[in-house]
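One structure is given here, and the rest of the page talks about it.
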Amino acid sequence: MPETGYMAAAVAVCTAITWALRALPFAVLSRLRQSPLAAYLDTAMPAGIMVILAAYTLRGADWGAASSAGPTALALAVTVGVHLWLRNAVVSILAGTAACIALTALAP
């Protein structure tokens, strides 16, 4: 069994590392707020994430089978429609996901 001092030192080191890792993003964030790169990513990331999710979803669709292509195409249309209507990425992703799940479950 390790000595008490060794255990206390190990806990202290783990505590210091954990605290530093949790505090580091806040220290860096203050410098990034004025960055033009952060402003660009703030505007470009929602569209980029939508493109990645759409590509991932459409990659797995079997376009030869109506039972797969129909629900996928309709869910994609719902996602695009809701996004153009509300301009809210979270709501459009949730609506598209719900439409895809519902249409897939209802497909024969």
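Observations, loosely collected:
Yes/no matrix, rows are residues, columns are (1) within 28 Å of Leu106 (Cα to Cα); (2) within 19 Å of the chain's Cα centre (by Cα); (3) open to solvent by 70 Å² or more (accessible area, probe 1.4 Å):
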position	(1), (2), (3)
Pro36	no, no, yes
Met50	yes, yes, no
Asp62	yes, no, yes
Val82	yes, yes, no
Ala89	yes, yes, no
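- Every test in (1) loosely packed, with under 14 Cβ neighbours inside 10 Å; (2) modelled with pLDDT of 85 or more is passed by Leu103 save one, and that test is (1).
- Odd one out for Thr57 among (1) open to solvent by less than 80 Å² (accessible area, probe 1.4 Å); (2) at pLDDT 80 or above: (2)
- Residue identified as among the polar types (S, T, N, Q), open to solvent by 60 Å² or more (accessible area, probe 1.4 Å) and assigned to a helix (DSSP H, G or I) among Thr72, Thr18: Thr18
The values are calculated or read from the model by the stated rules, or taken from the named source; none is laboratory data. Not measured: the values here are computed from a predicted model. Heads up, the Cβs are rebuilt from the backbone with ideal geometry, glycines too, and the neighbour counts pull from every protein chain shown. The area values use the complete protein model at the heavy-atom level, side chains included, leaving out ligands, DNA and RNA. Shrake-Rupley method; radii C 1.70, N 1.55, O 1.52, S 1.80 Å.
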